[in-house]
1. Could you give each residue of segment B:103-112 its phi-based ³J(HN,Hα) in whole Hz, using Karplus coefficients 6.51, -1.76, 1.60 with θ = phi - 60°, and x for Gly or Pro?
2. From zero up to wherever the largest Cα-Cα distance of segment B:2-227 sits, split into 10 Å bins and tell me the percent of pairs in each.
3. Can you give the FRET efficiency to the nearest 0.05 for A:Met50 and B:Asn335, using r as the Cβ-Cβ distance and R₀ = 51 Å?
4. Around B:Leu207, what is the net charge, scoring Lys/Arg as +1 and Asp/Glu as -1 over all other residues with Cβ under 15 Å from its Cβ?
5. From zero outward in steps of 10 Å, how is the percent of C-alpha pairs of chain A spread across the bins?
6. Compute the orientation-averaged projected area for the protein assembly as shown from the convex hull of its Cα atoms and round it to one decimal in nm².
7. Which value at 222 nm does the protein assembly as shown reach when only helices count, each DSSP H run of 4 or more adding -39,500 (n - 2.57), with the total divided by all residues and rounded to the nearest 500 deg cm²/dmol?
8. State the extension gain, in nm to one decimal, for the chain segment bounded by B:Ala166 and B:Cys59, taking 0.36 nm per residue of separation less the distance between their alpha-carbons.
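None of the figures in this text is laboratory data; all of them are computed from the coordinates on show. No experiment lies behind these values; they were computed from the predicted model shown. Note: ideal-geometry Cβ built from the backbone for every residue, glycine included; neighbour counts use all protein chains shown.
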Amino acid sequence: MGVKYWHQVFNPYSDVSSALISSVFIAVLTVIVCLLVSVPAGYALSKRSMPFRAFWMLLFLIPQAFPNLTVYINIARIFYDFGLNGTLLGVVLVHSVHGLMFSVWISVAAFSSTDPMLERASRNLGAGPIYTFFHIVLPQAMPGIIASCIFVFLESLDEFTGTFFVGAPDITTLPLLLYTASMEGNYQIASITALILLVPSIGFMIIINKFMKPEMLSKLGK
Amino acid sequence: MTHLLIENLHASYGDKVILNNINLAVAQGEMIALLGPSGCGKTTLLNALCGFMPIQSGCISIGDRKISTLAAEKRNITMVFQSYALWPHMTVSQNIGYGLKVQKVERAEIETRVNELLSIVNLEGLQDEKVTALSGGQRQRVALARALAIRPDVLVLDEPLSNLDAKVRLNVRHEIKALQKKLGFTSLIVTHDQEEALVMADRIAVLNQGQIEQLGTPEEIYHQPKTAFVADFMGANNKLTFSSLASLQQQISLSSLTQSKMQPSFSNKSTPYQVFFRSEDVGLTTLSQDHPKLHNETDAIRILGDVQQSAFLGGSYQISVRCGKHTIQADHHENLLEGTPVTLCVPAGALHIF
């Protein structure tokens, strides 16, 4: 009784430890993939002059517009052709599809809320567009981008359906472990896993609260 | 010696023409004010100069270097932005030294130059402050120092004083002018405030609807406006309109007008005659019209009226006088009661007729 199950969970050779490690690893990789897309996309889409702007914005929303299950089953079917099922890369990609909605939309809002005059001032003083982007624009958008990373990280950590269809049984993340544990009647293990999943969510929510500026939210979808 | 040359410049947003055939030659070390109401194209002209907006046709050159097709970062024209556009994530010295850092100047040299600029704009000791901690006037100086740091060929100032308090504005106005005299940089300043233009500029270009209405020294612009728009914009707050030469002559003794006041097409013009003069040039007296003291040959207008309203301006009173169908504003040293009969005299030299 008591802490017995906690010992079992935190045993270095337990399923929970390895699931925790792969969960975090997948989440970090998902954040990186999302950043690689959302930073350039967010900057480009924050420009009013971008052609087909509304179309690109909608494109990132579309995966959320259909029932999860149908989307993920079809992704799993497509990934099967490429041999991505049961691989880490496959799971990271499926998480990214979901994460990109957050990261792109929040990045667009973050870049839109930066003052274009700051960019002009930099060009005016002899800095090229790329130098300006990294030294002036990106630092201004950083709080929003950090917030988007946290969202993507948390979403990836909690993701179940996509991981189940693409990753199982080779990849086991915490939500999958939670599922199997409760299916097998190991409610204590399931409860502890659920508690572990709660920790980063609460921690990051406090950080997001610090980073998200109200004026950034007002730029969402603009 | 011409330093900055703008020739036949045209620019538009879509179908809307913003700049229509702008020609301007700025000498080395000269300060030119671009003066005009909102929407006259003055800020667009600065943006076209700095490469922030494309031009339709025309040419901009500095010395013998054509810059109109260059990217913004290659022009070496720096701007003091209306909002200052300081980078909030950098300190004062990082802001000022940015242009030098971009040019890969050595760190020690940047520091020397930044300190030199800090003392020029009187901001010593603030180099490590975040710019967000500064007051409006201090931010303005940081913006100025930042723009001067890379020794630009031309410095442009976009309404640099509009975000400052009235009192600070008067000081900064003189500081910028003194600095310009001392360092001898060539500059263009955009403003909608005629007083600011008169005080700061060597020459003023009055812009209206994308065209330069008149270019001249502050004295020329003030005393010899070439068009009705310039007269009106430069504070000639009295405007009398006459439909024909006959009705004009009823009111104004043209014989007292010098020949220079007459435009070439003066006697056979189809549009109404417009007469402009300033309230400060109107002589107001409570004496009757034919009083011997008022016998002055240079007066072009002598008219009777009733006081309609009186407003205290601090130094004087501005009196609205109803004279028949016209209302004339006159400056006067004392307050007058409504309905007081007065005589107004305007010397011929103060009139601008179009």
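1. Karplus-based 3J(HN,Hα) across segment B:103-112 equals 7, 6, 6, 5, 4, 4, 5, 4, 4, 4 Hz.
2. Pair shares across the bins are 8, 33, 36, 19, 4, 0.
3. 0.25
4. Its environment carries a net charge of -3.
5. 8, 28, 30, 20, 10, 3, 0
6. 40.2 nm²
7. Only helices count here, giving -14500 deg cm²/dmol.
8. Full extension of this stretch gives 34.8 nm more.
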